[in-house]
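What follows is a set of notes on a single structure, which appears directly below.
Any read-out appearing in this document is the output of simple, stated calculations on the displayed coordinates, not a laboratory observation. Since the structure is predicted, the reported quantities are computational estimates derived from the model, not experimental observations. Here the Cβ is made from the backbone with ideal geometry for all residues, glycine too, and neighbour counts use every protein chain on show.
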Amino acid sequence: KVLVIRNGYFSYRWSQLFDAMAGSTDVTVLKATPGASDGQYRPPPINEVVDWILKEKPALVCAPHVETSIGLILPRDYCMAIAAACKEVGGVFCLDGIASGNAWVNMNDGGPDVYLTAPQKGWTGPACVGIVMMTDRAKALMKSGPPSSSFSVNLDKWSDVMQSYLDGGFSYHTTMPTDAIRDFRDVFVETEQVQGGFKAVESECWELGNGVRQVFKDFGYTSVAADEFAAPGVVVVFAKDAQYAARFKAKGLQIAAGVPFMLDEEEGTGSRCYRIGLFGLDKMQNVDVVINKFRETLAEIEEEVAAGKS
């Protein structure tokens, strides 16, 4: 039995994964919903999530730390409540942090059992592998569970490979993109060596995200995610039309057009939005420059739209 918390299109992937797997998995989906008065999205109420876990006792709960399609982050207290409920019923809480950027998650403080990340986006590395972080509890459950049905995607085997290297040895399973992994190692060290270290980079991440969101507010835009769930590394706003990706591209800035939310929304809602990704160590170290450049560019675009030139 599995619970999926779906806050948008990219956490819809969890449902797609289980649908594609052989065998039958009992999957329940709890979805983010828009506010009746403001239309902004919030994740499923945490009390409803916890109650469901305690009653149904799922083996696994999957949730996105940051949902890319609507720019929504699950706050620490929300994640901690899920983690505590999962431990109470013997389940595993898997938090997807691929789009978390530099909003770090502490696994040693009652957080998720499993955390997923990748070298790109917040780490400013090359896209090459998936990274699975496990607590000792999660690793013990993995070791005591049934064998994997996959040869290449065998978490138990890859855990043994990693342990070999941690012990100073060597192990081989399938060919890996070694050069790209080494580049990721280098940028990890570079991030750690920034003045103030990881904490400083996280602070800059929130400063940048909040700054860009304020620019949007100044121009009358509404965030798709409610303020209390607004992510720093991904900002999604309701747009006036679907042409903004092309307008920004013409100004030399890359943004992403909206995508379906997969939240039972009115058809076309996602296409009336656009998304700003604020990833990369260069942006974290130049917060004011990025915010000012974005403000200038958006001002130019809005002037052209108002004048009927775009």
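Normalised by 2.2 N^0.38 Å, with N the number of residues, the alpha-carbon radius of gyration of segment 140-275 equals 1.52. Between Arg42 and Thr269, the modelled label-to-label distance comes to 1.5 nm, taking each label 7 Å out from Cα in the direction of the beta carbon.
Summarised in one figure, the compactness ratio Rg/Rh of segment 2-147, Cα atoms and Kirkwood Rh, is 0.95.
Note that the chain carries a Kirkwood radius of 20.9 Å, evaluated over its alpha carbons pair by pair. Here the Kirkwood formula, the inverse mean of 1/r across different C-alpha pairs, assigns segment 94-170 a hydrodynamic radius of 13.8 Å.
Between Ala299 and Tyr165, the modelled labels are 4.8 nm apart [label points 7 Å from Cα along Cα→Cβ].
Between Met133 and Lys251, the contour length at 0.36 nm per residue exceeds the Cα-Cα span by 38.5 nm. Its DSSP H runs of at least 4 residues, each contributing -39,500 (n - 2.57), put the calculated 222 nm mean residue ellipticity of the chain at -12500 deg cm²/dmol, to the nearest 500.
Straight Cα distances below 20 angstrom link Lys157 to the aspartates and glutamates Asp113, Asp136, Asp167, with same-chain residues fewer than 8 positions distant left out. Kirkwood analysis of segment 197-307, using all unique Cα-Cα pairs, places the hydrodynamic radius at 14.6 Å. Normalising the Debye intensity of segment 69-115 to I(0), with uniform scatterers on Cα atoms only, and taking log10 at q = 0.18, 0.21, 0.28 Å⁻¹ returns -0.53, -0.70, -1.12. Each part gets one Cα centre, and for segment 1-56 versus segment 112-168 those centres are 24 Å apart.
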